[in-house]
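Here the structure is laid out as structure tokens; the discussion comes afterwards.
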Amino acid sequence: MIIGSHPHVLQPVSLVVKNDGAVVPVIYSLGNLVSNQSRYYVWGVSHEDVGRTRDSAILRFKIKKVRQGDLSSTMIAELYFIPLWGYNNTLLYEKKMEKMLTIYPSPIYEEMERIEKEIERIKGIEEKAGLLKKLLTEYEMLRARLEIIKNTIGEDYIATEAVRAGK
């Protein structure tokens, strides 16, 4: 396996066939795990490419040892990505709407599940209309970023629901 880095954005995955016929996965870049780049990105206002430095992924893989007589070799038995979004509250912090600057990677599927539960909890409560609107916007942003990540890496490489559930 070859893992590259540096472009600060996710890059596609490719499979390269070596001279001996072995297939080698090439991961050109996993993006930025934690970054202050694109700190002024606003979904629905900024161009979607501005947010690409906040898209990233965790690479998970398993290695399998294969024996043939006295010879042994290793191979990648499983390879998948967990999509992440780089949360960054710089705009709110600079407007004094939040007290602390916060930047962290957030697993997109987990965040979407959390938001879905919160939406169900507050739906229909008149006093929570502002929060509901904020959550719906955040959910749509995460859904859009997830599609961008899938289109970049390749949907076949994104962790399935069973893998995410630990099955």
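The values are calculated or read from the model by the stated rules, or taken from the named source; none is laboratory data. Here the structure is a predicted model, which means the values were calculated and not measured. Quick reminder, even Gly has a Cβ in these numbers, built from the backbone with ideal geometry, and neighbours come from all protein chains shown.
Quick check on the range 61-71. Is at least one of its residues outside any loop (DSSP other than H, G, I, E, B), in contact with a helix residue (DSSP H, G or I) (Cβ under 9 Å, 6 or more places away or on another chain), farther than 19 Å from I27 by Cβ and at pLDDT below 95? No; the residues of the range 61-71 include none that is outside any loop (DSSP other than H, G, I, E, B), in contact with a helix residue (DSSP H, G or I) (Cβ under 9 Å, 6 or more places away or on another chain), farther than 19 Å from I27 by Cβ and at pLDDT below 95.
Look at K117 and say whether it is without any contact (Cβ under 8 Å) to a residue 24 or more places away in the chain, in contact with a strand residue (DSSP E or B) (Cβ under 6 Å, 6 or more places away or on another chain), charged (D, E, K, R) and not in a loop (DSSP other than H, G, I, E, B). No: the conditions fail for K117. The residues of the range 31-53 that are crowded, with 20+ Cβ neighbours inside 10 Å and either in a loop (DSSP other than H, G, I, E, B) or free of Cβ contacts under 8 Å to residues at least 60 places away in the same chain (or both), listed by number, are G31, N32, S38, Y41, T53.
Exactly one residue among E94, E113, E138, E118 is among the acidic types (D, E) and either loosely packed, with under 12 Cβ neighbours inside 10 Å or modelled with pLDDT under 95 (or both), and that residue is E94. Within the option set Y87, Y80, Y104, Y93, being of a type outside the set (G, A, S) and either part of a helix (DSSP H, G or I) or touching a Leu at 6+ places or on another chain (Cβ under 6 Å) (or both) holds for one residue only, Y93.
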